[in-house]
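**Q** Can you read through this structure? Questions will come right after.
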């Protein structure tokens, strides 16, 4: 069975929507706050969803290439994140979420104040089969990029 370009675009778009939905589920249902690199990995998926909607509405083949670039961008950020998690290289200087920067010392010492915990990019919060969320993002995003490329090449 040969999948049509619109079907491939729909699959890739829904794939990015599922990835983004999964990230939000881990955050809001699972209670796993994202680090800064996790947040950066979400934006290309959001772009891919918008690109997919535009591609389905217009039928423009070139948008499939843009979708592939978005998927490759999140995969590249994910590769960098995996390297930070594995301590292969240093993360960004701002590689935390929920940073205490800018919070007055009095608030930090006041137990009645709710200060979010710092989430570090070099700590793996969750993994499956020894692969972190960032690693799964790389694997699945490369599959989405391949789907976008197939859509772009489909006549």
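**Q** Which condition number in (1) under 17 Å from residue 132 (Cβ atoms); (2) surrounded by fewer than 19 Cβ atoms within 10 Å (Cβ to Cβ) is the one that residue 21 fails?
**A** (1)
**Q** Ok, one more. Could you list all residues from the range 80-89 that are surrounded by 15 or more Cβ atoms within 10 Å (Cβ to Cβ) and in contact with a helix residue (DSSP H, G or I) (Cβ under 8 Å, 6 or more places away or on another chain)?
**A** Keep residues of the range 80-89 that are surrounded by 15 or more Cβ atoms within 10 Å (Cβ to Cβ), which gives 80-85.
Across the range 80-89, the qualifying residues are 80, 81, 82, 84, 85.
**Q** Looking only at the range 1-48, how many residues end up being under 26 Å from residue 152 (Cβ atoms) and more than 15 Å from the chain's Cα centre (by Cα)? Write out each step before concluding.
**A** Applying the first criterion (under 26 Å from residue 152 (Cβ atoms)) to the range 1-48 yields 1-23, 40-48.
Next, from what is left, pick out any that are more than 15 Å from the chain's Cα centre (by Cα): 1-11.
Total satisfying the criteria: 11.
**Q** For the range 43-65, how many residues are in contact with a helix residue (DSSP H, G or I) (Cβ under 6 Å, 6 or more places away or on another chain) and under 16 Å from residue 141 (Cβ atoms)?
**A** 9
**Q** To continue, here is another question. Which numbered condition in (1) touching a helix residue (DSSP H, G or I) at 6+ places or on another chain (Cβ under 7 Å); (2) under 12 Å from residue 122 (Cα atoms) is the only one that residue 35 fails?
**A** Going through the list (1) touching a helix residue (DSSP H, G or I) at 6+ places or on another chain (Cβ under 7 Å); (2) under 12 Å from residue 122 (Cα atoms), residue 35 breaks only (1).
**Q** I would also like to ask the following. Residue by residue through the range 118-146, note down the ones that are touching a residue at least 12 places away in the same chain (Cβ under 8 Å), assigned to a loop (DSSP other than H, G, I, E, B) and out of contact with any strand residue (DSSP E or B) (no Cβ under 8 Å at 6 or more places or on another chain).
**A** Of everything in the range 118-146, those that are touching a residue at least 12 places away in the same chain (Cβ under 8 Å), assigned to a loop (DSSP other than H, G, I, E, B) and out of contact with any strand residue (DSSP E or B) (no Cβ under 8 Å at 6 or more places or on another chain) turn out to be 122, 123.
**Q** Can you tell me which of 127, 99, 132 is closer than 20 Å to residue 31 by Cβ, modelled with pLDDT of 85 or more and either surrounded by 12 or more Cβ atoms within 10 Å (Cβ to Cβ) or touching a helix residue (DSSP H, G or I) at 6+ places or on another chain (Cβ under 7 Å) (or both)? Spell out the reasoning first.
**A** Details: 127 fails: modelled with pLDDT of 85 or more; 99 fails: modelled with pLDDT of 85 or more.
Answer to the check: 132.
**Q** Still on this structure, I have one more. So if I check each of 92, 63, 72, which one is out of contact with any strand residue (DSSP E or B) (no Cβ under 9 Å at 6 or more places or on another chain) and surrounded by fewer than 16 Cβ atoms within 10 Å (Cβ to Cβ)? Steps first, answer last, please.
**A** Values: 63 fails: surrounded by fewer than 16 Cβ atoms within 10 Å (Cβ to Cβ); 72 fails: surrounded by fewer than 16 Cβ atoms within 10 Å (Cβ to Cβ).
After ruling out the rest, the residue left standing is 92.
The values are calculated or read from the model by the stated rules, or taken from the named source; none is laboratory data. Nothing here was measured: the structure is a model prediction, and the numbers come from that model. Positions of Cβ are backbone-derived with ideal geometry, glycine not excepted, and every protein chain shown enters the neighbour counts.
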